[in-house]
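Data first, discussion second: the structure below is written as structure tokens.
The values are calculated or read from the model by the stated rules, or taken from the named source; none is laboratory data. All values reported here derive from a predicted model rather than from experimental measurement. Cβ atoms come from the backbone with ideal geometry, glycine included; neighbour counts cover every protein chain shown. Please note that ligands, DNA and RNA were not included when accessible areas were found on the heavy atoms of the full protein model with its side chains. Shrake-Rupley method; radii C 1.70, N 1.55, O 1.52, S 1.80 Å.
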Amino acid sequence: MISRNFKNVLVVSVGFLSLFTAYGGLQSLQSSLNAEQGMGVASLSVIYASIIISSMFLPPIMIKNLGCKWTIVAGMACYVSYSFGNLYPGWYTLIPTSVILGLGGSPLWSAKCTYLTISGNIQAAKENKKGSDVINHYFGIFFFIFQSSAVWGNLMSSLIFGQDTSISDIPEEVLATCGAADCGLTVVSNSTSSRPSQNLVWTLVGCYIGVGVLAMIIVSVFLDNIDQEQASQFRENREPFCHTFLATFRLLKDWRLLTLIPLTMYSGFEQSFLSGEYTKNYVTCALGIHFVGFVMMCFGASNSLCSFLFGRIARYTGRAPLFLLAALANLSCIIALLFWRPHPDQLAVFFVFPALWGMADAIWQTQTNALYGILFPRNKEAAFANYRMWESLGFVIAFAYSTFLCLESKLYILLAVLVLTIITYPIVEYYEYKHPTKPIEESAYESHKETTETEKYIISQTQM
């Protein structure tokens, strides 16, 4: 029999898998599908700008009032609204739904991270294990299931768009402009990069809406409300609004959080590059939009498998060697992309880059999330809100300069942020090695009636 906490981790993971099957597929296609006047990329910029704003105050307020479970459900509803906006894409539909998604994005992810951290600490106390090991394991399981959403969402798009009858070969003069050889601001229009028929778009978006609604049903019905009493007590003894509003910013007084900002922002930069630049300037340009899904499936499969693998081996290797591996993988890919000239004859190479990128992203995602949960156990909501805020700032900056900087410049910016991350992250890791942060024991999450007995139980376990 699996534990109740493990069951909850699976429910959260499957819910996010279903939700991001839709959103991940749409995000991968925005720079190619809604390329007119940069509308698709602009909508992505608005999403992450809204996430920054919501990170400033919404996560602590929603989580403490609604609890993690219903905050997740509300956030999922915001994501589904973006799928509706893509039924009739235009400035008046995409931008408002992008704002709605962004406002729900930070509470959604903060609630998920808080939920997994609480579950990990409870299970660690029950099994007399180290809290950070169980949290790492839970985040690994989550990202293993969640990251496979890229496989299913992009498989749907490639199979549906592959039915387009207007696909033809790309001329050599167009291929010469692909990759970093040309500035890459405008991908030359041809029959394979033009927008698919409206009926095919409606079919795809309709499928995405369906799986998004399914995600909300799964979480609503099957997820336990483990922090229900805490949320109830908070509503009864409501803190001043200013106190909750400023919780995210008060945590910035901690030098460890400030030092982690480059690492957190790099996560946004590297994800936006693959979904916004690689798909448009390499895949759509040289192979056609119907190949975007297949290439991103490779990224999702690699990301999913590596998330599970690294979540398990982190307890033996520690975080630092894994972060080093991710940095080396991204560094080698960035340098190679600067010199590679994509051509349809090199089909396998198109899949090598997302596979390596997926391996690196698995480490950035699982280990950074777990690191935040371990470093700030008493301020989880504010810590994960900061995580989303700074990661989203990386997305916003990358999508904002997407329409006016050349591809070569974007690669050099990505490289610079990676180098800064390599310099700053070890400082926090070394300090944590010398001065380990004490986790909150199980008693912090048990009911008020059982608090005294639980504390005695945990103390005796620790002494043993």
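Per-structure values
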quantity	calculated
Test result for residue 243, open to solvent by 20 Å² or more (accessible area, probe 1.4 Å), within 17 Å of residue 154 (Cβ to Cβ), at pLDDT below 85 and more than 22 Å from the chain's Cα centre (by Cα)	no
Criterion (open to solvent by 40 Å² or more (accessible area, probe 1.4 Å), assigned to a helix (DSSP H, G or I) and at pLDDT 85 or above) met by exactly one of 274, 258	258
Residue 116 vs. criteria buried (at least 24 other Cβ atoms within 10 Å of the Cβ), without any contact (Cβ under 8 Å) to a residue 40 or more places away in the chain and in a helix (DSSP H, G or I)	no
Pair list, Cβ under 7 Å, 6 or more apart: segment 303-331 residue closer than 15 Å to residue 415 by Cα, other residue open to solvent by 60 Å² or more (accessible area, probe 1.4 Å) and at pLDDT 90 or above	327/422; 329/356
Per-region count, segment 278-288, residues under 24 Å from residue 48 (Cα atoms) and open to solvent by 10 Å² or more (accessible area, probe 1.4 Å)	1
Subset of segment 119-167 that is of a type in the set (Asp, Glu) and assigned to a helix (DSSP H, G or I) - its residue that is nearest to residue 207 (Cα to Cα)	133
Members of segment 309-321 found to be hydrophobic (A, V, I, L, M, F, W, C), surrounded by fewer than 21 Cβ atoms within 10 Å (Cβ to Cβ) and under 17 Å from residue 141 (Cβ atoms), listed by number	309, 313
Odd one out for residue 176, checked against (1) modelled with pLDDT under 75; (2) small (Gly, Ala, Ser); (3) open to solvent by 50 Å² or more (accessible area, probe 1.4 Å)	(1)
Selection within segment 70-89 - surrounded by 23 or more Cβ atoms within 10 Å (Cβ to Cβ) and within 19 Å of the chain's Cα centre (by Cα)	71, 72, 75, 76, 79, 80, 82, 83
Residues being closer than 30 Å to residue 135 by Cα and either hydroxyl-bearing (Ser, Thr, Tyr) or surrounded by fewer than 21 Cβ atoms within 10 Å (Cβ to Cβ) (or both) - total across segment 100-113	3
Test result for residue 390, open to solvent by less than 10 Å² (accessible area, probe 1.4 Å), in a helix (DSSP H, G or I) and among the aromatic types (Phe, Trp, Tyr)	no
Test for residue 418: is it assigned to a helix (DSSP H, G or I), closer than 30 Å to residue 183 by Cα and modelled with pLDDT of 95 or more	yes
Residue within segment 90-99 that is touching a residue at least 12 places away in the same chain (Cβ under 8 Å), under 20 Å from residue 391 (Cα atoms) and open to solvent by less than 30 Å² (accessible area, probe 1.4 Å) present	yes
